[in-house]
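Quick notes on the structure that follows.
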């Protein structure tokens with residue numbers, strides 16, 4: 001319901017301002033007509049709309065353009081950049097003159113903050129929205145908006161383990177619901193609350209009652225959550241077979257749709273533990289492979305929140321290896337002395353070879369993990385403060401314009417075009433090579449060639465982590481994919497950026513998946 005609710009808010013918002021006289025029909029065309037367009041094409045249209053809106057000097061039109069882009073980014077799970085565009089949309093809007101639209105934007109801000117882990121900030125914003133919509137219910141659609149905010153406050157307090165507050169908001173939500181769909185979404189939240197209160201039979205009853213509406217509404221995200229909590233209830237009741245059947249349904253929906261949420265990771269861990277206890281190795285391998293894909297997707301979508309789980313996944317692999325070795329030791333203890341001596345001799349010889357390989361792999365593992373950590377923390381949008389403070393005031397104005405254009409260049413992945421050069425990019429950004437070079441050196445703390453290579457290498461690493469098919473590409477294929485004209489240039493740039501050769505990096509990731 002998250003995305004559906006946000007789209008509903010946007011629809012209400014667009015209706016409210018479409019009555020005004022939008023002077024530039026080109027902006028309306030760019031914002032509204034997206035049928036059969038690729039994501040890249042949509043991004044390009046939205047950025048053009050923003051540029052045109054800014055040229056009108058009409059703050060409401062500018063706000064609308066940024067709001068459209070923020071909502072699209074949210075739907076693409078680009079929560080950080082979505083949040084930035086919601087902020088820009090709100091900055092151009094006077095909350096006193098257009099309150100409903102302003103708090104619609106604030107609602108989007110809260111959702112984006114929640115997804116990047118800023119739960120406290122999300123809660124603060126939602127409380128502001130709650131106070132506004134509750135005190136202005138006479139305005140059209142504000143009652144529906146209030147219901148959506150109450151639902152989100154309920155969920156947020158469940159995530160924060162504040163069940164009493166969650167129950168208070170949920171009761172208000174149920175009391176104010178005026179249609180079956182909204183009422184069933186509130187019942188779904190009530191069912192989750194009852195689980196945490198230990199009322200498992202009541203929780204099951206409420207969750208099953210809301211499930212039909214959720215399925216009919218084609219809301220796979222909340223369908224997965226309901227199935228997960230049904231499994232949790234039966235697990236607590238000691239009915240493990242029923243619990244596993246629901247966990248398997250969550251897994252099947254994920255494999256069918258690719259919809260993920262990091263808080264559903266526990267579903268796969270419980271399946272893994274169950275099949276491990278049952279000794280069903282083929283099922284266990286199947287679940288682990290699903291978990292690898294699930295973690296990789298979440299890692300790329302939201303690295304800041306997922307890093308902890310990604311590291312935990314690596315440790316779990318090591319635990320599985322240790323368990324296997326313990327079984328082998330027990331096997332050795334059951335054999336005859338002669339056989340034991342023979343195995344020990346072979347084991348010693350194997351260990352020496354293994355030890356050398358292990359040390360080499362440990363070094364490689366550490367390098368790969370360190371770089372993935374660095375990649376999760378770095379942002380191509382951060383500036384080098386020490387240098388920026390030294391530039392001339394005249395350059396600052398010029399650089400502010402360039403900064404937005406460079407942001408679009410990066411977000412649209414234009415750097416993977418092999419024809420991009422300092423001269424070509426300077427021309428497309430309506431500047432000269434000297435100014436662009438100075439900007440990159442100042443804001444990115446590197447020369448243009450290094451900046452371009454780092455963007456391309458980080459792009460292909462994210463592809464390698466998130467999509468297994470890239471692990472099977474040749475070096476020439478990978479080089480072409482991220483904008484290099486030759487495999488040698490690609491390999492040299494990869495080594496310069498990561499301190500690891502691409503073949504070693506790929507082997508390390510492949511080994512983790514195979515395990």
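Label sites at residue 496 and residue 41, each approximated as a point 7 angstrom past Cα along Cα to Cβ, lie 3.6 nm apart.
Sorting the segments 71-84, 431-444 by their mean number of nearby beta carbons within 10 angstrom, highest to lowest, gives 71-84, 431-444. The mean sequence separation of alpha-carbon pairs under 8 Å and at least six residues apart, normalised by the residue count of region 385-514, gives a relative contact order of 22 percent. Scoring 47-53, 504-510 by mean Cβ neighbours within 10 Å over their residues and listing the highest first yields 47-53, 504-510. The distance linking region 456-515 with region 435-452 is 24 Å (Cα centroid to Cα centroid, whole angstrom).
Taking neighbour Cβ counts within 10 Å as the exposure measure, how do 370, 68, 223 sort from fewest upward? Please report the intermediate quantities before stating the final value.
Working: 370 13, 68 26, 223 21.
Lowest count first: 370, 223, 68.
Classify region 211-296 from the C-alpha gyration tensor, please: rounded if a/c falls under 1.5, else prolate or oblate depending on whether a/b exceeds b/c. Write down the numbers at each step before the final one.
On the way: a/c = 2.22, a/b = 1.25, b/c = 1.77.
It is oblate, given that a/c is not under 1.5 and a/b is not larger than b/c.
Mean separation of Cα pairs under 8 Å and 6 or more residues apart, divided by the residue count, gives region 2-178 a relative contact order of 15 percent.
Computed from the coordinates by the stated procedures, all read-outs in this text should not be read as laboratory data. Small disclaimer: the values here were computed from a predicted structure and weren't measured. Quick reminder, even Gly has a Cβ in these numbers, built from the backbone with ideal geometry, and neighbours come from all protein chains shown.
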